[in-house]
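Peer 1: Sending over a structure as structure tokens; questions will come in a sec.
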Amino acid sequence: MTILSGNARLAGIIAWPVSHSRSPRLHGFWLQQYRIDGAYLPLAIRPEHFATGVRGLVAAGFAGANVTIPHKVAAFEICDRVDDTARRAGAVNTMVFQDGRITGTNTDGWGFLANLRGHDVDPAAGPALLLGAGGSTRAIAAALLSEGVAVTVANRTRAKAEQLARDLPGLRVVDWNARDDALPDHALLVNTTSLGMAGHAVLAIDLARANPATVVADIVYVPLDTPLLQAARAHGLRTVEGLGMLLYQAIPGFRAWFGVEPVVDDALRRFVAADLLPA
Ligand code: ATR
């Protein structure tokens, strides 16, 4: 049990609902590992109470908070200041409170790149093909583009990919049905759709068309080893699993709130993964 002092630093994750969030477990592991006088709480705040809830946390002296579904755009709007990463993503997932002011950033794209690097994959090795056009796609595409990587997006609803391309200059769009044809020209394939998630359909893509050096990444982490990653390994391709992105995206917030640069290691990975196994 953690005993807090009156000086304890407080942070948490704002979501609705919040019960499925793994962030309290993840930050809790680090708080215990580094023996920090602090706590990271699940904060279930309804969309209609978001602004009041955030102002309450500021007033209560919280150091900041993570924000997830469905609040990332509302968080962008409530911040007094946002950085370029948040601006390009159009969404905030990490808020820092200081002197009554709210600063917002978006660490999803950074977390994705850090996870690649953690697997000894150079994000800039070649062009990337992203499947999907949701909030995560936007953050990952923005991060890759800012590394100078050529990015192609394919989404079932093409109009959403085209909207993304208007917001992120340089992004190329191909038709969802042309994804197999596009694959050989890309060094990195990233699934940012919900396909492959437990209870969802499996992503169909012809991995036999991939260049042997292509790296296949999935941002789905339930299950940890998705059908796409399994198929990629069966084709002899290198893979990067989605859990790492969740772990790495948490680093900047933890550092800002608790003053320690936490490390993503196998012990953390096992601890968070243990909670993801089917019941
Ligand atoms: P996010 O949570 O990242 O904001 P989302 O809105 O939940 O994303 O969307 C999930 C992604 O999976 C979308 O790109 C969606 O495609 P559409 O924009 O066409 O809805 C994609 N997706 C979900 N089910 C799919 C399916 N059966 N086939 C192809 N793509 C699918």
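The values are calculated or read from the model by the stated rules, or taken from the named source; none is laboratory data. Just so we're clear, the structure is a prediction, and the values are computed from it rather than from any experiment. Backbone-built Cβ (ideal geometry, glycine too); neighbour counts: all protein chains shown. Ligands, DNA and RNA are excluded from the accessible area calculation, which covers all protein heavy atoms including side chains. Shrake-Rupley method; radii C 1.70, N 1.55, O 1.52, S 1.80 Å.
Peer 1: Taking a probe of 1.4 angstrom, what is the accessible area of His119 in Å², to the nearest 10?
Peer 2: So the heavy atoms of His119 present about 50 Å² to solvent.
Peer 1: Pop a pseudo-label 7 angstrom from the Cα along the beta-carbon direction at both Asp275 and Arg55 and give the gap in nm to one decimal.
Peer 2: For the pair Asp275/Arg55, the computed spacing is 3.1 nm.
Peer 1: Which of rounded, prolate or oblate describes segment 132-279 when judged by the alpha-carbon gyration tensor and an a/c cut-off of 1.5?
Peer 2: Working: a/c = 1.81, a/b = 1.29, b/c = 1.41.
Judged from the Cα gyration tensor, segment 132-279 comes out oblate (a/c at least 1.5, b/c at or above a/b).
Peer 1: Sticking with this one: Mind telling me which of Asn115, Asn93, Asn177 comes out most flexible in a GNM of the chain, alpha-carbon contacts under 10 Å?
Peer 2: So, out of Asn115, Asn93, Asn177, the one fluctuating most is Asn177.
Peer 1: Please give the direction-averaged projected area of the C-alpha convex hull for segment 24-96, in square nanometres with one decimal. Write out the running numbers ahead of the final one.
Peer 2: Numbers: hull surface 21.5 nm².
Average projection, Cα convex hull of segment 24-96: 5.4 nm².
Peer 1: Now a separate question. Could you look at segment 159-279 and say what percent of its accessible area is carbon and sulfur, using a 1.4 Å probe and all protein chains?
Peer 2: Details: 3010 of 5550 Å².
Percent of accessible area from carbon and sulfur atoms in segment 159-279: 54.
Peer 1: Just need the Rg to Rh number for segment 1-48, please, alpha carbons only, Kirkwood Rh. It would help to have the intermediate numbers written out before the result.
Peer 2: Values: Rg = 11.7 Å, Rh = 11.4 Å.
Here Rg/Rh amounts to 1.02.
Peer 1: Right, something else. Quick one: how many Å² of Trp16 are accessible to a 1.4 Å probe, rounded to 10?
Peer 2: Rounded to the nearest 10, that gives 90 Å².
Peer 1: Tell me, what is the FRET efficiency for Glu261 and Asp225 to the nearest 0.05, using R0 = 35 angstrom and their Cβ-Cβ distance as r? Could you put the intermediate results ahead of the total?
Peer 2: Values: r = 29 Å, r/R0 = 0.83.
Step by step, r from the Cβ atoms, then E = 0.75.
Peer 1: Here's something else I'd like to know. Label segment 34-157 by shape, choosing from rounded, prolate and oblate, from the square roots a ≥ b ≥ c of the eigenvalues of the Cα gyration tensor; if a/c is under 1.5 it is rounded, and otherwise prolate applies when a/b is larger than b/c, oblate when it is not. Kindly include the intermediate steps, with their values, before the conclusion.
Peer 2: Details: a/c = 2.37, a/b = 1.73, b/c = 1.37.
Prolate, since a/c reaches 1.5 and a/b exceeds b/c.
Peer 1: So what's the chain giving for Cα Rg divided by 2.2 N^0.38 Å, two decimals? If you can, show how the numbers build up before the last one.
Peer 2: On the way: Rg = 18.9 Å, N = 279, 2.2 N^0.38 = 18.7 Å.
It is 1.01.
Peer 1: A further question follows. Give me the distance in nm between label points sitting 7 Å out from Cα along the Cα-to-Cβ direction at His20 and Leu4, one decimal.
Peer 2: 2.7
Peer 1: Same structure again: Could you compute how fast segment 114-204 diffuses translationally, taking Rh as the Kirkwood radius over C-alpha pairs and applying Stokes-Einstein at 37 °C with viscosity 0.692 mPa s? Give it in µm² per second.
Peer 2: Translational diffusion coefficient: 247 µm²/s.
Peer 1: How far apart, in nanometres, would the label points at His235 and Asp37 be if each is projected 7 angstrom from Cα along the Cα-to-Cβ direction?
Peer 2: Each label point is offset 7 Å from its Cα along the Cβ direction, giving 5.4 nm.
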